[in-house]
1. Only one residue in Asn67, Asn51 is over 21 Å from Thr11 (Cβ atoms), at pLDDT below 85 and open to solvent by 60 Å² or more (accessible area, probe 1.4 Å). Which one?
2. Quick check on Ser45: is it exposed (fewer than 11 other Cβ atoms within 10 Å of the Cβ), at negative phi and modelled with pLDDT of 70 or more?
3. Based on this model, can you work out whether Lys56 counts as at pLDDT 65 or above and in a loop (DSSP other than H, G, I, E, B)?
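The values are calculated or read from the model by the stated rules, or taken from the named source; none is laboratory data. Bear in mind the structure is a predicted one, so any value in this text is a computation, not a measurement. So basically every Cβ, Gly included, is an ideal-geometry build from the backbone, and we count neighbours across all protein chains shown. When the accessible area is computed, the model is the full protein with side chains, heavy atoms only, and any ligands, DNA or RNA have been set aside. Shrake-Rupley method; radii C 1.70, N 1.55, O 1.52, S 1.80 Å.
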Amino acid sequence: MPGNIDAVNITINGISQAFSTIGFQPEGIPPNNINRLVNELIDFSNSIFANVVTDKVTFSNFQTSGNFPEYYSISEIVFDQAAASVPEPLSLGGIAVAGAMGLWMKRKRKASSTV
């Protein structure tokens, strides 16, 4: 049932928080025949997850209402803001090795040109 989820618990990195959903109608689509909003939004901006970087999000404990409270549907989950790129430790090691090799090559050239 579109628009039937009122609240849900979200867990990220082992930390859970309960969220109430905000119903909305997609732009350009009139209200449906039962006059309900057909999409839900969960806003993380003022939550403990506002700046958390993760690759796993768990949704649980769905709270629903309406004529069929036991039914709900999820067709798409979108995260609007991309996380900032953070170099992986292996990448940092590769950069350090490449830098050391560059310095070694520079010293080698300098030493051979002075001979």
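1. Asn67
2. Here the answer is yes, as Ser45 does meet what is asked.
3. yes
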